[in-house]
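> Here's a structure for you.
The values are calculated or read from the model by the stated rules, or taken from the named source; none is laboratory data. Owing to the predicted nature of the structure, the values given are computational and were not obtained by experimental measurement. We place every Cβ from the backbone using ideal geometry, glycine too, and count neighbours over all the protein chains shown. Just so you know, the surface numbers come from the protein's heavy atoms only, side chains and all, with ligands and any DNA or RNA stripped out. Shrake-Rupley method; radii C 1.70, N 1.55, O 1.52, S 1.80 Å.
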Amino acid sequence: MNPGPVATCAACGARIGEPGRSDVTARRAVKPEQGIGIFQSWKFTLGIGAVLVTALIFIVSSQQVPDTAGVKEDPHDAGMMQRIRELQAHIEEHPRDPDALLEFANLLYDVRFFQRAAEMYERYLLLNPANTDARVDLGTSYFQLSFTDTARGGDMISKAESCFLKAIGVKPEHQLAHFNLGIIHLHRGDLAEANEWLRKSIDIDPTTGAAERARQLLSQHVPNKPS
């Protein structure tokens with residue numbers, strides 16, 4: 001979903017590599033173009049062609065779905081957009097269907113409609129506030145919005161941080177929430193705090209892809225020992 005150059009740590013400029021698609025625990029690695037290293041969410045990433053991603057980069061209002069008229073789609077992408085339209089119609093008739101709200105939010109995120117995705121996650125979480133994975137995904141949506149809604153960028157970052165902290169409050173061992181808080185603090189330039197969250201994410205489970213990415217970041221942030 002995120003073609004482009006190798007990810008870069010916002011704090012130190014370190015190139016930290018391309019996240020693996022086979023990672024099961026960290027099912028999405030998002031690399032915002034503005035330079036943050038890796039920002040992870042819980043959902044599985046659906047593949048989207050570069051043409052479709054370019055065509056759908058703009059955020060729609062709360063009453064719209066992506067307009068795909070005239071967009072060249074491959075069969076996989078066309079199926080995704082058809083499902084988005086189906087869910088929109090379903091939710092209009094059944095506005096409190098939690099499964100539909102969550103699926104709709106996930107798909108909207110996958111096509112980078114972050115404002116609309118955030119709205120759907122918020123609606124879903126009103127019905128299922130204990131779902132920490134959805135809470136983390138809402139946080140990643142806010143984080144992405146901080147780059148497009150520049151007037152409220154700081155507020156979006158604060159909302160993202162709040163989502164990750166709330167997820168940890170419900171599920172203290174939520175690894176991706178810890179990892180993402182590390183990325184938040186890297187974004188702010190607070191290296192010491194970032195490293196603390198990254199270390200905590202490794203301690204939760206050192207065998208996952210998220211832990212490996214945290215180690216990659218930490219290896220770039222440790223001062224060189226004198227020879």
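> Which of the residues spanning the stretch 195-213 are open to solvent by less than 60 Å² (accessible area, probe 1.4 Å), closer than 14 Å to Phe164 by Cβ and modelled with pLDDT of 95 or more?
Trp197, Leu198, Ser201, Ile204
> Now, a different point. Any idea which residue in the stretch 149-166 is nearest to the chain's Cα centre (by Cα), counting only those that are open to solvent by 80 Å² or more (accessible area, probe 1.4 Å) and among the basic types (Lys, Arg)?
That would be Lys166.
> Identify all residues within the stretch 167-197 that are within 18 Å of the chain's Cα centre (by Cα) and over 19 Å from Arg135 (Cα atoms); write none if there are none.
Across the stretch 167-197, the qualifying residues are Leu186, His187, Arg188, Ala194.
> Just to verify a result, which residue in the stretch 198-223, among those that are among the aliphatic types (A, V, I, L, M) and part of a helix (DSSP H, G or I), is nearest to the chain's Cα centre (by Cα)?
Ala210
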